[in-house]
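Below is one structure, written out as structure tokens, with a few remarks after it.
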Amino acid sequence: MTDFSNGLDKIVLGGIRFRQLSIQHRNNDVLISLGTERLLLLQNTNVGDINEADFA
């Protein structure tokens, strides 16, 4: 995803709880994974900006 706006956009991952996710900094991006499965790459996003409030 290239245009995620923190505080405006919500990430919807049906049936997955926030605490199940791995959220990692990758270069200038944030990688969101569930186990070994990569779910989402937020480009040009700071990992410190992503928290449970960003998920619906």
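The values are calculated or read from the model by the stated rules, or taken from the named source; none is laboratory data. Fair warning: this is a prediction, and the values are worked out from it, not measured in the lab. Here the Cβ positions follow ideal geometry from the backbone for every residue, glycine too, while neighbour counts run over all protein chains shown.
Tabulated results
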read-out	value
Qualifying positions in segment 23-56 - part of a loop (DSSP other than H, G, I, E, B) and not polar (S, T, N, Q)	GLY35, ILE50, ALA56
Residue in segment 36-53 that is β-branched (Val, Ile, Thr), in contact with a helix residue (DSSP H, G or I) (Cβ under 8 Å, 6 or more places away or on another chain) and modelled with pLDDT of 95 or more present	no
Residue selected from segment 1-13 under the condition closer than 14 Å to GLU52 by Cα and not basic (Lys, Arg), by the criterion surrounded by the most Cβ atoms within 10 Å (Cβ to Cβ)	ILE11
Filtered residue count, segment 3-15, keeping only those that are assigned to a loop (DSSP other than H, G, I, E, B) and touching a strand residue (DSSP E or B) at 6+ places or on another chain (Cβ under 6 Å)	1
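Rundown of residues vs (1) surrounded by 13 or more Cβ atoms within 10 Å (Cβ to Cβ); (2) more than 14 Å from MET1 (Cα to Cα); (3) β-branched (Val, Ile, Thr), yes/no style:
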site: SER22; (1), (2), (3): yes, yes, no
site: ILE32; (1), (2), (3): yes, no, yes
site: THR36; (1), (2), (3): no, yes, yes
site: LEU39; (1), (2), (3): yes, no, no
site: LEU42; (1), (2), (3): yes, no, no
site: ALA53; (1), (2), (3): no, yes, no
